[in-house]
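What follows is a short report on a single structure.
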Amino acid sequence: MADHAAGTSTVRSFPADFAWGTATASYQIEGAAAEGGRTPSIWDTFSHTPGKVHDGDTGDVADDHYHLFRDDVAIMRDLGLTTYRFSIAWPRITPQVTPDELGPVNPEGLAFYRALVDELVGAGITPAITLYHWDLPQALEDAGGWADRRTAERFGEYADVVAREFGEHVGTFITLNEPWCTAYLGYAAGVHAPGRTEPLAALRAVHHLNLAHGLAAQAIRAAAPSAQVGLTLNLAWVRPATDGEADVDAARRIDGLQNRVFLDPVLRGAYPADVQADTASVTDWSFVLDGDLAVTHQVPDVLGLNYYSPTVVRRWDGVSPRESADGHGDGAASPWVAADDVEFPLQPGPKTAMGWPIDATGMRELLLRLHREFPGLELMVTENGAAYDDVLDADGGVHDVERVDYLRDHLGAVLDAVEAGAPVRGYYLWSLLDNFEWSYGYSKRFGIVHVDYDTQVRTPKDSATWYADVVRTGQLPA
């Protein structure tokens, strides 16, 4: 701890083998949407639908990483990163997939990712591949998407293809990124692709995503036994606004819908009984077939946590205007299936450009909760970062002091968890580059490297320099 009275401070150190990385997602950075044999994903369709994305932005070009990946790997090498988490665009690998057949493998798609993996390995950076970061082939959505169990079956086959191709050089295969967003934002709230507002479809998607994880984990372990299997969840640190019974119960329900409905079938082999009871007005969960839970119960070698902000909830009185810090207020479809009487009160204090409250305590508490409830399970922070209104200064730099403060606080929370015994093995900062931020288009910047979208010029921000120092020293400055 710092000894401010004596005018000295103790520098805190991470474990010597701690993995340092950044993370990206295919649709957000690659561009080249119609090149290399790639066919449309649900995000191509969604972003080209008027009114769905800020300013009509699309990922058609994005950061043009498809053509500039060698430059981007050079930036990572200069930062001293030891690992890089990226996702593979499923429509590049099996562009002719149908609900009943995976279809032929696209050699151009494999060649792109093989070149990227080779470039990373040559730079001394261990690749970590995310198999699904939201760009579902449109052909599968046309047949029902994640509400149809055949999508999970095809996903398991796709995982086998990728694991066989890249297993030799990839340290970790992460099956899914934030299935909560896929299921609820895509199929209940409609603010993410495919833009549906169907509560039953959302809960079916929850199960089929869990099933997809299980099928993919089995495929990876068979095809690439030396690689780790990972799963990335955006777990919420859910707190009741008061100690009142109604607010405490609201927190239980949201914890069930966001956290336990994904944790329990994977790590315990069962769905939470209270979540099934809470959603009985929507479904009887008969889409969970005999034998499914044995498949979902594929405990990952490492569980990834994505954390950005706390979640505070209370019971809504049904009369006053509903507060909605999650962006889904009165008149908007809610992602919270069968929880229309819950609201998310606006919180005081500093916020990021996304309007998200800043509280690193949630990072520590979630890591400790996972360590407490699932002892022995290795953990990784697979996303953490902040958007700010970054601009190039007159000196040509980006002086993002707020982001540095955010990262310092959250890395401190990670160290708190490590020092308390949680087996946290590494940290992936979100994100390497400013990029297409889903329904916000290019209006939000999360990168530690600034991107001029007109020229594709990359400019490392002050946060990149700060992060490189942490990576180089393994120490967190006061």
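Bear in mind these aren't lab numbers, they're just calculated from the coordinates by the rules spelled out. Here the structure is a predicted model, which is why all the values come from computation and not from measurement. Note: ideal-geometry Cβ built from the backbone for every residue, glycine included; neighbour counts use all protein chains shown.
Looking at the square roots a ≥ b ≥ c of the eigenvalues of the Cα gyration tensor of the chain, which shape do they give, rounded for a/c under 1.5, prolate if a/b is larger than b/c, or oblate? It is rounded, given that a/c, with a ≥ b ≥ c, falls under 1.5. Could you calculate the FRET efficiency of residue 351 with residue 420 from 1/(1 + (r/R0)^6), where r is the beta carbon distance between them and R0 is 30 Å, rounded to 0.05? Rounded to the nearest 0.05, the efficiency is 0.60.
Stretching residue 391 away from residue 142 to a fully extended chain increases their span by 85.6 nm, per 0.36 nm per residue minus the current alpha-carbon distance. For the chain, the dipole from Cβ point charges (+1 on Lys and Arg, -1 on Asp and Glu) about the Cα centre works out to 880 debye, to the nearest 20. Applying 0.36 nm per residue to the separation of residue 290 and residue 377 and subtracting their alpha-carbon distance, the gain on full extension is 28.6 nm. Can you grab the distance from the C-alpha centre of region 447-476 to the C-alpha centre of region 116-192, Å, no decimals? If we compute the Cα centre of each part, the gap is 26 Å.
A cut-off of 5 Å between modelled amide H atoms, ignoring neighbours fewer than 5 places along the same chain, links residue 134 with 177.
Modelled this way, with points 7 Å down the Cα-to-C-beta line, the labels at residue 150 and residue 473 are 5.7 nm from one another.
Spatially, region 262-285 and region 361-382 are offset by 22 Å when compared through their Cα centroids.
For region 208-331, the Cβ-based charge dipole about the Cα centre amounts to some 380 debye (Lys, Arg positive; Asp, Glu negative; other atoms uncharged). Under a 5 Å amide H cut-off, with hydrogens placed 1.01 Å from N, residue 41 pairs with 138 among residues at least 5 apart or on other chains. For the chain, the mean residue ellipticity at 222 nm estimated from helices alone is -10500 deg cm²/dmol, where every DSSP H run of n ≥ 4 contributes -39500 (n - 2.57) and the total is divided by all residues, rounded to the nearest 500. Can you sort 208, 297, 213 by how many other beta carbons sit within 10 Å, fewest first? Neighbour counts put them in this order, fewest first: 297, 208, 213.
For region 330-478, the antiparallel share of DSSP beta bridges with both residues in that region comes to about 60%. Here the Kirkwood formula, the inverse mean of 1/r across different C-alpha pairs, assigns region 35-180 a hydrodynamic radius of 16.1 Å. Gain on full extension, evaluated as 0.36 nm per residue between residue 115 and residue 49 minus their Cα-Cα distance, stands at 20.5 nm. Each residue of region 56-69 is assigned a 3J(HN,Hα), and the resulting list reads x, 5, 9, x, 4, 10, 6, 8, 6, 4, 4, 9, 10, 4 Hz, derived from the Karplus form 6.51 cos²θ - 1.76 cosθ + 1.60 (θ = phi - 60°), x at Gly and Pro. Ranking 273, 362, 459 by how far each Cα lies toward the positive end of the dipole of the chain (charges on Cβ) leaves 273 at the top.
A simple spin-label model places the labels of residue 401 and residue 13 3.1 nm from each other, with each point 7 Å out along Cα-to-Cβ. In this simple spin-label approximation, residue 249 and residue 98 carry label points 7 Å from Cα along the Cα→Cβ vector, and these lie 5.0 nm apart.
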